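Scroll down for the structure; my scribbles are underneath it.
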Amino acid sequence: TLFDDPVSVTIEIGFGDGKSLHQLAGHNPTGGFLGIETHRSGVGQLLMNLHKDRLNNVKVIVGDAAEVVPKRVRPDSVDQILVFFPDPWPKKRHHKRRLLDPEFLDILAGSLKPNGLLHIATDWDNYAHQILASVDNNPNLINQAGVGHFSERPAYRSQTKYEIRGLRLGHTVNDIVTRRKP
């Protein structure tokens, strides 16, 4: 209900400085875009750029996606969900804080329309494998690269500053592209 009859609805979770979301919204003016971010500095940066370019197809929620999505996103209502480079919580004792656990992936799958797309990218190898296993074990999601495989980076996903930093540090970037079962 945030948008006037959009062709499609895309949510980007943890959009950082908003460059990717801004670019997607600019290339698809008939789509509706919702960004969810906890850091106000990134929200402010995105809002300034949207205003400068007169883009009005983006809405923003400042908050934790783990709380926002279950409470404010209707089931079967989203065409795409994008989660690029979520906080990896690299220390083993902090792994329980990782956003993309099996329960939250199930919530995301339920928010998607049938055949809706969930695209995740991370440069933390053990987190990527954890997510991949959770996706492959989710009965509502179909891994587009096949069970146990990562996807190639789709052309629509521009490189983020976190990706560039990860590559500079020698990390491998893994994309996981899934669809909700029809």
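The values are calculated or read from the model by the stated rules, or taken from the named source; none is laboratory data. Everything numeric here is computed off the predicted structure, so don't read it as measured data. Don't worry about glycine lacking a Cβ; one is built from the backbone with ideal geometry, like all the others, and counts go over all protein chains shown. The area values use the complete protein model at the heavy-atom level, side chains included, leaving out ligands, DNA and RNA. Shrake-Rupley method; radii C 1.70, N 1.55, O 1.52, S 1.80 Å.
Cβ under 15 Å from GLY116's Cβ, GLY116 left aside: what net charge do those residues give with Lys, Arg +1 and Asp, Glu -1?
+1
Taking the chain as a Gaussian network, Cα atoms linked when under 10 Å apart, which of ALA128, ALA109, ALA145 shows the biggest mean-square fluctuation?
Most flexible of the set in this elastic network: ALA145.
What are the principal axis extents of the Cα atoms in the stretch 62-110, in Å, biggest first?
Result, largest extent first: 35, 21, 17 Å.
Excluding GLY170 itself, what net charge comes from residues whose Cβ is under 15 Å from its Cβ, given Lys and Arg +1 and Asp and Glu -1?
With Lys, Arg at +1 and Asp, Glu at -1, the net is -1.
Sort SER111, SER158 from largest to smallest accessible area, using a 1.4 Å probe on the heavy atoms of the protein chains.
Result of the area sort, largest leading: SER158, SER111.
Among ILE13, ILE142, ILE164, which one shows the biggest mean-square fluctuation in a GNM of the chain, springs joining Cα atoms closer than 10 Å?
Looking only at ILE13, ILE142, ILE164, the largest GNM fluctuation is found for ILE164.
Counting helices only, and only those DSSP H runs with n ≥ 4, report the 222 nm mean residue ellipticity of the chain as the sum of -39,500 (n - 2.57) divided by its residues, in deg cm²/dmol to the nearest 500.
The helix-only estimate for the chain comes to -9500 deg cm²/dmol at 222 nm.
What shape does the stretch 66-142 have by the C-alpha gyration tensor, where a ≥ b ≥ c are the square roots of the eigenvalues, rounded means a/c under 1.5, and otherwise prolate means a/b greater than b/c and oblate the rest?
prolate
For the stretch 1-139, how many pairs of lysine residues have a Cα-Cα distance under 20 Å, where the two are 8 or more positions apart or belong to different chains?
Here the count comes out as 5.
Beyond 22 Å, what share of the Cα-Cα pairs of the stretch 1-128 is found? Please give it as a whole percent.
34
Compute the distance from the alpha-carbon center of the stretch 113-166 to that of the stretch 5-47, in whole Å.
The distance from the Cα centre of the stretch 113-166 to that of the stretch 5-47 comes to 19 Å.
Kindly identify the stretch 1-40 as rounded, prolate or oblate by the Cα gyration tensor criterion: order the square roots of the eigenvalues as a ≥ b ≥ c, call it rounded if a/c is under 1.5, otherwise compare a/b with b/c, prolate if a/b is larger, else oblate.
Because a/c hits 1.5 or more and a/b fails to exceed b/c, the stretch 1-40 counts as oblate.
Can you tell which of ASN28, ASN138, ASN115 shows the greatest fluctuation in a Gaussian network model of the chain with Cα springs below 10 Å?
Largest GNM mean-square fluctuation: ASN28.
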